[in-house]
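The values are calculated or read from the model by the stated rules, or taken from the named source; none is laboratory data. Note that the coordinates shown come from a computational prediction; the quantities given were computed from them, not determined experimentally. Cβ: placed from backbone, ideal geometry, glycine included. Neighbour counts: every protein chain shown.
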Amino acid sequence: MTIPIVHHPDYSFPFPQKHRFPMEKFGLLAEYMRSTGLLTRRNSFRPAPCRQGWLTQTHCPDYLARFAQGRLTAREQRQVNLPWSTGLVRRTFLAPSGTVLAAQLALKHGIACHLAGGTHHAHFDYASGFCILNDLAIAANVLLGQEGINRVLVFDLDVHQGDGTAALLANTPGAFTCSIHCERNFPFEKQLSHLDVALPDGMGDEDYLAVVHETLKQALALSKPDIALYDAGVDVYEGDPLGKLNISEQGIRQRDRLVLGELKRRGIPVATVIGGGYDDNRANLARRHGIVVEEACRVFTGS
């Protein structure tokens, strides 16, 4: 078995080199996956632009239209914090579809990895924290509309709380949001996930892995999911400029192995997204984002 991997070449596009958001990381990640032999023509899947019905099920139609047409107010554009372009619009409407596609492939194969996604700060009608649309909430809503899917777990290990996902899915029957994040970090006004665990600055591998293991067991007991969406953010890394935690690359690898191994053991399909990561060394960052795919291959195929 090869693991399905979802990617699109338009996830990266010409973008200001010195911007804090590393837009080129998506293309670099795909290149790295090809170099390892884990991404080939045989297991590569490309999403189409997100269906309008999927978008409006989660987000405000007027907000969607004004963003697409470049008509956001100056204040709204500051919240986006990414320079508007047709390239940005295209990738923004592709990526949520990629998470939906990964989820559908996970239902079929047990696992699928999306080389983007995790835009968990986006709310109903406004952007936040480099997130314009919330792919996790969109995918959860699409899944819950399918026959046989009654419960979806969003397990979010980005260093920042998944505030948008928590708000968007707060009153959605069958959706369960869990966020393990650094307490004294963005967003400074937190939302209520169904299960939140706030971590102190500087936490290291051993304590972190213990919290992840215990929280995952708790989240699974409470949610009893038919599928999990796993946000494997690497901004928990000790050298990440926006992180504040002290997790090594080996710690990230152990974390992903732990989460994916537990889900496989319980027979719960899982779709992974890459979440946050902001290292100025973009090649190292891409390699770090590749850890979840590497561990998915080890856990699910033994390779």
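A few comments on the model shown:
- Checked against the criterion of being over 24 Å from I132 (Cα atoms) and either outside any strand (DSSP E or B) or at pLDDT below 95 (or both), the candidates A219, A166 yield just one match: A219.
- Among the residues of the range 53-88, just one is among the acidic types (D, E) and touching a residue at least 60 places away in the same chain (Cβ under 8 Å), namely D62.
- Check on S248, hydroxyl-bearing (S, T, Y) and in contact (Cβ under 8 Å) with a residue 12 or more places away in the chain: yes
- Test: residue in the range 176-197 that is outside any strand (DSSP E or B) and within 13 Å of the chain's Cα centre (by Cα): no
- The listed residue being under 19 Å from the mean Cα position of the chain (by Cα), farther than 27 Å from Q104 by Cβ and either at pLDDT below 95 or surrounded by fewer than 15 Cβ atoms within 10 Å (Cβ to Cβ) (or both), out of R75, R20: R20
- Qualifying residue in the range 33-52 (condition: surrounded by fewer than 13 Cβ atoms within 10 Å (Cβ to Cβ), within 22 Å of A137 (Cα to Cα), free of Cβ contacts under 8 Å to residues at least 24 places away in the same chain and not aliphatic (A, V, I, L, M)): yes
- Checking Y126 against (1) over 30 Å from W84 (Cα atoms); (2) surrounded by fewer than 24 Cβ atoms within 10 Å (Cβ to Cβ), the condition it does not meet: (1)
- Of all residues assigned to the range 223-230, none qualifies as being within 15 Å of R287 (Cα to Cα) and charged (D, E, K, R).
Listed here are the residues, each with its yes/no results for (1) part of a loop (DSSP other than H, G, I, E, B); (2) over 25 Å from G302 (Cα atoms); (3) in contact with a Leu (Cβ under 8 Å, 6 or more places away or on another chain).
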| residue | (1), (2), (3) |
| --- | --- |
| P16 | yes, yes, no |
| P49 | yes, yes, yes |
| L55 | no, yes, yes |
| R91 | no, yes, no |
| A95 | no, yes, yes |
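- Counted residues, the range 199-251 - those being of a type in the set (D, E, K, R), within 19 Å of the chain's Cα centre (by Cα) and closer than 25 Å to A112 by Cβ: 4
- Residue in the range 226-244 that is in contact with a Pro (Cβ under 6 Å, 6 or more places away or on another chain) and touching a residue at least 40 places away in the same chain (Cβ under 8 Å) present: yes
- Qualifying position, being crowded, with 24+ Cβ neighbours inside 10 Å, within 30 Å of R34 (Cβ to Cβ), touching a His at 6+ places or on another chain (Cβ under 8 Å) and β-branched (V, I, T), among V234, V270, V292: V234
- Per-region count, the range 275-289, residues part of a loop (DSSP other than H, G, I, E, B) and surrounded by fewer than 24 Cβ atoms within 10 Å (Cβ to Cβ): 4
- Sole residue being touching a Cys at 6+ places or on another chain (Cβ under 9 Å) and assigned to a loop (DSSP other than H, G, I, E, B), chosen from D158, D125: D125
- The range 198-215, subset outside any strand (DSSP E or B) and among the hydrophobic types (A, V, I, L, M, F, W, C), residue nearest to Y230 (Cα to Cα): V212
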